[in-house]
Amino acid sequence: MQIEVGDIDEAIRQSIENGAQIVRGKMEFDDFYLAYLVDPVGISFGLIQYK
């Protein structure tokens with residue numbers, strides 16, 4: 001599952017504050033930024049911000 005966000009840095013910060021852990025930190029691609037996290041119950045999710 002990927003969630004589109006307006007500010008990936010803020011979304012990562014809020015996710016960590018709510019118990020998520022980073023699996024793969026913020027990565028930059030040509031048209032977007034992407035990060036993968038896992039929530040406190042083990043559900044993996046991606047955050048994507050288009051440029």
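The values are calculated or read from the model by the stated rules, or taken from the named source; none is laboratory data. Please read these numbers as outputs of a predicted model, since none were measured by experiment. Cβ placement follows ideal geometry from the backbone for every residue including glycine, while neighbour counts extend to all protein chains displayed.
Below are the figures for this structure:
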| item | result |
| --- | --- |
| Scan of segment 1-32 for residues that are of a type in the set (A, V, I, L, M, F, W, C) and assigned to a strand (DSSP E or B), ordered by number | Ile3, Ile22, Val23, Met27, Phe32 |
| Residue check, Lys26 at pLDDT 95 or above and under 10 Å from the mean Cα position of the chain (by Cα) | yes |
| Residue ID - surrounded by the most Cβ atoms within 10 Å (Cβ to Cβ), chosen from residues in segment 26-51 that are of a type outside the set (Asp, Glu) and touching a Lys or Arg at 6+ places or on another chain (Cβ under 7 Å) | Ala35 |
| Pairs with Cβ under 6 Å, 6+ apart, first in segment 18-46 and free of Cβ contacts under 8 Å to residues at least 12 places away in the same chain and farther than 14 Å from Met1 by Cβ, second surrounded by 11 or more Cβ atoms within 10 Å (Cβ to Cβ) and not small (Gly, Ala, Ser) | Met27/Leu34 |
| Those residues of segment 10-25 which are surrounded by fewer than 16 Cβ atoms within 10 Å (Cβ to Cβ), touching a strand residue (DSSP E or B) at 6+ places or on another chain (Cβ under 9 Å) and either of a type in the set (A, V, I, L, M) or closer than 19 Å to Lys51 by Cβ (or both), in sequence order | Ile16, Ile22, Val23, Arg24, Gly25 |
